[in-house]
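What follows is a short report on a single structure.
Laboratory data are not the source of any read-out in this text; all were calculated from the coordinates shown. Remember, predicted model here, so these are calculated numbers, not experimental data. Here the Cβ is made from the backbone with ideal geometry for all residues, glycine too, and neighbour counts use every protein chain on show.
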Amino acid sequence: MKELLTGWIVNLTLVSILSSLITRLLPGKSYLPYLKIFCGFLMILTLFQPVLKLSGLEDEIEIQLKKNMFEGNQYEIQQRLIEIEEKQKEEWENQYKEYLEGQPDGTDNKNERDD
């Protein structure tokens with residue numbers, strides 16, 4: 001329990017130091033409100049980390065995040081597969097057209113016999 005508390009305090013300290021450093025080093029002030037929101041979310045997550053660990057919700061959140069990432073990757077792979085199949089179909093059609101253009105069409109009378 002002591003290790004959990006020590007780690008929590010260290011994480012809070014690191015998040016607050018990094019947040020203040022980033023806000024001070026930011027060249028323009030136009031992104032400052034967005035950065036403050038982001039740092040606030042990080043601080044809230046850090047504050048609730050021990051509660052999540054003790055209740056077992058941390059594992060559930062991690063599972064849900066991995067599931068969402070997997071579903072996103074799966075959708076991306078399906079889209080790539082569709083694109084590849086379309087390109088492959090176009091290539092086959094082009095090769096078939098080239099093949100047909102190279103074939104005699106039967107209108108030449110060279111091979112006909114003169115009776």
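Some points to look at:
- Expected 222 nm ellipticity per residue - DSSP helices of 4 or more, -39500 (n - 2.57), all of the chain, to 500: -29500 deg cm²/dmol
- Across segment 26-65, the volume of the C-alpha convex hull divided among the residues equals 71 Å³ per residue.
- If the convex hull is drawn through the Cα atoms of segment 57-102, its volume per residue in Å³: 29
- Shape summary of segment 1-55, radius of gyration then Dmax from alpha carbon positions: 13.3, 42 Å.
- Simple spin-label estimate for Leu45 and Asp59 in nanometres, 7 Å along Cα-Cβ: 2.1
- Extension gain (nm, one decimal) between Leu5 and Lys66, 0.36 nm per residue minus Cα-Cα: 19.3 nm
- In the chain, inverting the average of 1/r over every pair of distinct C-alpha atoms gives 20.9 Å as the Kirkwood radius.
- Counted charge near Lys66, where neighbours are those whose Cβ lies closer than 14 Å (Asp, Glu -1; Lys, Arg +1): -4
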